[in-house]
Ligand SMILES: [Zn+2]
Ligand SMILES: [Zn+2]
Ligand SMILES: [Zn+2]
Ligand SMILES: [Zn+2]
C-alpha cells in the first residue's frame with residue numbers, strides 16, 4: 001500500500017516495537033473486559049468511566065476537581081488502597097462534547113485510561129527517567145487513538161470532511177489527523193464515498209427501502225453516514241426471499257412446500273411483524289434475512305422479534321466496507 005503521511009508529525013518511532021504490540025494486547029484485553037460492542041462506537045469516554053467505576057473490574061474511581069491550568073486530567077495509583085483515581089480538571093470539562101476543542105476531553109480521558117491499562121502508574125514517576133516518561137506519554141496517546149479510532153473503522157469511513165469524521169468519533173480534528181498520520185493513511189481523507197446509514201453504517205438497501213433494515217431509522221436524507229458496515233445475510237435465501245434452511249432448527253427447506261418449517265413451525269419469510277397482528281395497517285413486506293426492521297414501515301421484523309437476529313449494536317458477524325465496495329475488512 002502507498003504510504004501517505006508527514007514524517008515530521010509521525011510519532012510511532014518513539015515507541016519500541018515490542019511495546020507497540022503490548023499496546024494491542026492490552027487494548028484487546030480492555031475491549032473484552034468491558035464488553036465493548038459494535039454499537040459502543042463512537043466511544044464516549046465519560047460513559048466509559050461510569051462503566052469502569054460501576055464494574056470495578058479495575059479498582060477505579062474518578063471525579064471532577066480544580067486542577068492547575070496546565071493539566072486536563074491526572075491519574076494516580078494509590079498503593080495503600082489498591083485503587084486508581086482519575087481527577088478531571090473541572091475548568092476543562094465541557095460535556096456533552098460540542099466543539100472540536102471540547103472533544104479534546106474525550107481523548108484526554110482515553111489517554112488517562114491508557115496509563116492505567118498499560119500499567120504505567122504502578123511504578124512511581126520518581127523512579128523513571130525523562131525519556132521513559134516521554135515514551136509513556138506517546139504510548140498513552142497511541143492507546144487512546146487506537147481505542148477511539150480503531151484502524152479497521154478508520155479505513156472504511158466516508159470522509160466527507162475531516163471535521164465530520166472527527167465529530168463522529170468525538171475527537172478533535174487534530175487527534176483524527178494525527179491518528180491517520182501515524183497509520184500512514186492520510187490518503188483516506190480523499191477516498192471515495194459510499195452511501196451508508198448515519199446510525200448503524202449499513203450499506204445495503206433494497207431498491208424501494210424507506211427504512212434502514214438494520215437499525216430501523218427512516219433513510220430519507222440519512223445515507224451520508226460516516227461508518228460503512230456490511231451486516232451479512234445470516235440465513236441464506238432463495239430468489240423469492242425464502243430461507244433455504246430453518247433459522248431456528250436448521251431443517252433443510254429447499255423442497256419445503258409450506259410457508260413454515262415442517263419441524264418447528266418457524267415462518268420461512270422474514271415478514272414485517274405487523275403481518276401477524278391482524279390489524280388494518282398491517283404490512284406484508286418480506287424482508288431480506290438480515291433485516292431487524294421492516295424496510296417498508298420500520299417496524300420490527302419476524303426474525304428479529306423471534307430472537308433469531310441480534311440487535312445491530314451487538315452484532316459481531318459484520319464486516320467493514322473498504323474503499324472499493326467489493327472489498328471487505330474482517331471485523
Ligand atoms: Zn499522560
Ligand atoms: Zn441503519
Ligand atoms: Zn425449523
Ligand atoms: Zn412493514
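For the stretch 285-320, a residue qualifies if it is surrounded by fewer than 16 Cβ atoms within 10 Å (Cβ to Cβ), under 23 Å from the mean Cα position of the chain (by Cα) and within 16 Å of ligand 4 (Cβ to nearest atom), but none of them does. The set of residues in the stretch 201-214 that are part of a loop (DSSP other than H, G, I, E, B), surrounded by 21 or more Cβ atoms within 10 Å (Cβ to Cβ) and within 16 Å of ligand 4 (Cβ to nearest atom) comprises 212, 213, 214. Among the residues of the stretch 302-329, those that are farther than 23 Å from residue 190 by Cβ and free of Cβ contacts under 8 Å to residues at least 60 places away in the same chain comprise 302, 304, 305, 306, 307, 310. Within the stretch 83-93, is even one residue under 21 Å from residue 22 (Cα atoms) and more than 13 Å from ligand 1 (Cβ to nearest atom)? Yes, the stretch 83-93 has at least one match. Sort out which residues of the stretch 187-200 are in contact (Cβ under 8 Å) with a residue 40 or more places away in the chain and either within 16 Å of ligand 3 (Cβ to nearest atom) or surrounded by fewer than 16 Cβ atoms within 10 Å (Cβ to Cβ) (or both), and write them in order of number. The answer is 187, 192.
Considered as a group, the residues in the stretch 273-306 that are closer than 15 Å to residue 243 by Cα and in a strand (DSSP E or B) include one that is farthest from ligand 1 (Cβ to nearest atom), and that residue is 286. Scanning the stretch 241-253 for residues that are part of a loop (DSSP other than H, G, I, E, B) and without any contact (Cβ under 8 Å) to a residue 12 or more places away in the chain gives 244, 250. Filtering the stretch 136-185 to residues that are within 16 Å of ligand 1 (Cβ to nearest atom) and free of Cβ contacts under 8 Å to residues at least 12 places away in the same chain leaves only 137. Entry remark, the stretch 66-94: residues being touching a residue at least 12 places away in the same chain (Cβ under 8 Å) and either part of a strand (DSSP E or B) or not assigned by TED's automatic domain parsing to the domain that holds residue 111 (or both) number 12 in total. Can you find a residue in the stretch 269-276 that is away from ligand 4 (no atom under 16 Å from the Cβ) and over 25 Å from residue 158 (Cβ atoms)? No, there is no match, as no residue in the stretch 269-276 is away from ligand 4 (no atom under 16 Å from the Cβ) and over 25 Å from residue 158 (Cβ atoms). Being farther than 20 Å from residue 205 by Cβ and either within 32 Å of the chain's Cα centre (by Cα) or loosely packed, with under 12 Cβ neighbours inside 10 Å (or both) is a property that residue 251 lacks. Could you grab me the full set of residues in the stretch 45-65 that are in contact with a helix residue (DSSP H, G or I) (Cβ under 7 Å, 6 or more places away or on another chain) and not in a helix (DSSP H, G or I)? The answer is 57, 58, 60, 61, 62.
Of the residues making up the stretch 145-165, those that are over 14 Å from the mean Cα position of the chain (by Cα) and surrounded by 21 or more Cβ atoms within 10 Å (Cβ to Cβ) number 1. Filtered by the rule that a residue be touching a residue at least 60 places away in the same chain (Cβ under 8 Å) and either over 22 Å from residue 320 (Cα atoms) or over 8 Å from the mean Cα position of the chain (by Cα) (or both), the stretch 32-51 gives 44, 45, 46, 48, 49. For the stretch 203-218, does any single residue satisfy the condition of being away from ligand 3 (no atom under 16 Å from the Cβ), at positive phi and either outside the structural domain of residue 153 (by TED's automatic domain parsing) or modelled with pLDDT of 95 or more (or both)? Within the stretch 203-218, one or more residues are away from ligand 3 (no atom under 16 Å from the Cβ), at positive phi and either outside the structural domain of residue 153 (by TED's automatic domain parsing) or modelled with pLDDT of 95 or more (or both).
The values are calculated or read from the model by the stated rules, or taken from the named source; none is laboratory data. Predicted model, so just to flag it, every value in this text is computed and none were measured. Note that each Cβ is placed from the backbone with ideal geometry, even for glycine, and that neighbours are counted across all protein chains shown.
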